[in-house]
Amino acid sequence: MNAVDGLFRFKEELKILERRYELYRDGEEIFAFEHKGYPEFERPEKDIMIASQLFDLCVDVIRSISDWKLMPWVLSPLERAFQQ
């Protein structure tokens, strides 16, 4: 699950960048500077959010399959009747 670990690291880095962005924006307001938008920051944020949803779904599927492999599968009474 190297991809999931990498995504986790990128999420943490994104949190740090978001905090820095908020500080810069607050500084612009305090000193009455024109607010500068950062579209190059918003794009990776959306990409990481979408990738996170995809990887979370993938991990859920892998866990479900692993759980199903451990589950004892027995025949229902109806299936047993048809086998006899």
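For TRP73, TRP68, the sequence from fewest to most other C-beta atoms within 10 Å is TRP73, TRP68.
Can you give the log10 of the normalised intensity I(q)/I(0) at q = 0.11, 0.16 Å⁻¹, computed with Debye over equal Cα scatterers of the chain? The calculated log intensity ratios at q = 0.11, 0.16 Å⁻¹ are -0.55, -0.79.
What is the local net charge at ILE16, summed over the other residues whose Cβ is closer than 12 Å to its Cβ (Lys, Arg +1; Asp, Glu -1)? Residues close to ILE16 contribute a combined charge of +1.
Using the count of nearby Cβ atoms within 10 Å as a rough guide to exposure, how do TYR24, TYR38 rank from fewest to most?
TYR38, TYR24
Taking other C-beta atoms within 10 Å as the exposure proxy, PHE55, PHE41 rank PHE41, PHE55 from fewest upward. Each other residue within a Cβ distance under 14 Å of ILE50 adds +1 if Lys or Arg and -1 if Asp or Glu, for a net charge of -1.
We did not get these values from a lab; they are worked out from the coordinates using the rules stated. Here the structure is a predicted model, which is why all the values come from computation and not from measurement. Counting neighbours? That spans all protein chains shown, and the Cβs are built from the backbone with ideal geometry, glycine included.
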